[in-house]
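**Q** Just dropping this structure here.
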Amino acid sequence: MTQGQVYSPLSLHTQGLAVGRGETMLAHGLALDVAGGSGLLLRGPNGAGKSTLLLTLAGLLAPIEGTVTIEGHDPDDGPALHYCGHRNAVRARMTVRQTLGFWAALNGHTGLAADAALDRVGLGKTAKLDAGYLSAGQQRRLVLARLLVSRRPLWLLDEPSAALDADGRVLLADLLSAHLAEGGLAVIATHDDIAVSSLTTLQLGATP
Ligand SMILES: Nc1ncnc2c1ncn2[C@@H]1O[C@H](COP(=O)(O)OP(=O)(O)OP(=O)(O)O)[C@@H](O)[C@H]1O
């Protein structure tokens, strides 16, 4: 491990991967290699299969063909990945602090304390507010806070910058840069530019 790296060296690979929904194949022949310290942006038009590929990498959808492998992860370190979908998974009547406490209890209190994570994403003053009252961009920030309360090396993020303002997009880039510097890795479906070096791009095609 190099200085500053906190995760053991791990990598994500796919071989001959085909993904789709039901009978419909959306992408095939995918040979991805994402090493610790680097990230992959998934791009392509609406319906191209970016979310479908993320769900497949997360193990939430079965591949149509091929394999997904995470190499170098020690199961004693807990689960390898965070999957954050394009919805925010927020319960309207739980407070912001309770929401983050829920995720930390579920995913492990292995990162920042909830209040520190809220401060980091600019939601410190909203801790006692019902999460349903947060604006769209604030709810997206709360999703980012989930990544901080439980440390996991692989981030699979679907449209993390949706509804974020300019400061929020800088925040996302900063969190991502810090994560990669620690030896983490990320695969991100996005239509936006994310200002982080060491990101490569996979372009998925339009649906027929
Ligand atoms: N449960 C499902 N059953 C059948 N088809 C589905 C299902 N979920 C998604 N699809 C279809 O799969 C295709 C790919 O959807 P997906 O969400 O992966 O695209 P995407 O590239 O992430 O799009 P966007 O940029 O709009 O987020 C779409 O045509 C969608 O209608």
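Bear in mind that the values in this text are calculations on the coordinates, not laboratory data. As the structure is a computational prediction, the values presented were derived from the model and not from experiment. Cβ placement follows ideal geometry from the backbone for every residue including glycine, while neighbour counts extend to all protein chains displayed.
**Q** What single numbered condition from (1) within 11 Å of the ligand (Cβ to nearest atom); (2) surrounded by fewer than 13 Cβ atoms within 10 Å (Cβ to Cβ); (3) closer than 30 Å to ASP115 by Cβ fails to hold for GLY4?
**A** Only one criterion is unmet by GLY4, namely (1).
**Q** Also, quick follow-up: Confirm whether THR110 is among the hydroxyl-bearing types (Ser, Thr, Tyr), in contact (Cβ under 8 Å) with a residue 12 or more places away in the chain, surrounded by fewer than 18 Cβ atoms within 10 Å (Cβ to Cβ) and touching a Ser or Thr at 6+ places or on another chain (Cβ under 6 Å). Talk me through it step by step, then tell me what you get.
**A** On the way: among the hydroxyl-bearing types (Ser, Thr, Tyr): yes; in contact (Cβ under 8 Å) with a residue 12 or more places away in the chain: yes; surrounded by fewer than 18 Cβ atoms within 10 Å (Cβ to Cβ): yes; touching a Ser or Thr at 6+ places or on another chain (Cβ under 6 Å): yes.
So THR110 passes the test.
**Q** I'm checking my understanding of the structure. Among residues of segment 20-33 that are part of a strand (DSSP E or B) and near the ligand (Cβ under 7 Å from one of its atoms), which one is farthest from SER161 (Cα to Cα)? Working first, answer last.
**A** Of all residues in segment 20-33, those part of a strand (DSSP E or B) come to 20-21, 24-30, 33.
Still in the running and near the ligand (Cβ under 7 Å from one of its atoms): 21, 24, 26.
Details: ARG21: 25, THR24: 28, LEU26: 24 Å.
My answer is THR24.
**Q** If LEU40 satisfies every condition in (1) aliphatic (A, V, I, L, M); (2) more than 25 Å from HIS191 (Cα to Cα); (3) surrounded by 15 or more Cβ atoms within 10 Å (Cβ to Cβ) but one, which is the exception?
**A** Of everything listed in (1) aliphatic (A, V, I, L, M); (2) more than 25 Å from HIS191 (Cα to Cα); (3) surrounded by 15 or more Cβ atoms within 10 Å (Cβ to Cβ), LEU40 misses just condition (2).
**Q** Further, regarding this structure: Please go through segment 31-56 and give me each residue that is among the hydrophobic types (A, V, I, L, M, F, W, C) and either in contact (Cβ under 8 Å) with a residue 40 or more places away in the chain or touching a Phe, Trp or Tyr at 6+ places or on another chain (Cβ under 6 Å) (or both), ordered by number.
**A** We begin by selecting, within segment 31-56, every residue among the hydrophobic types (A, V, I, L, M, F, W, C); these are 31-32, 34-35, 40-42, 48, 53-55.
Scanning segment 31-56 gives LEU32, VAL34, ALA35, LEU40, LEU41, LEU42, ALA48, LEU53, LEU54.
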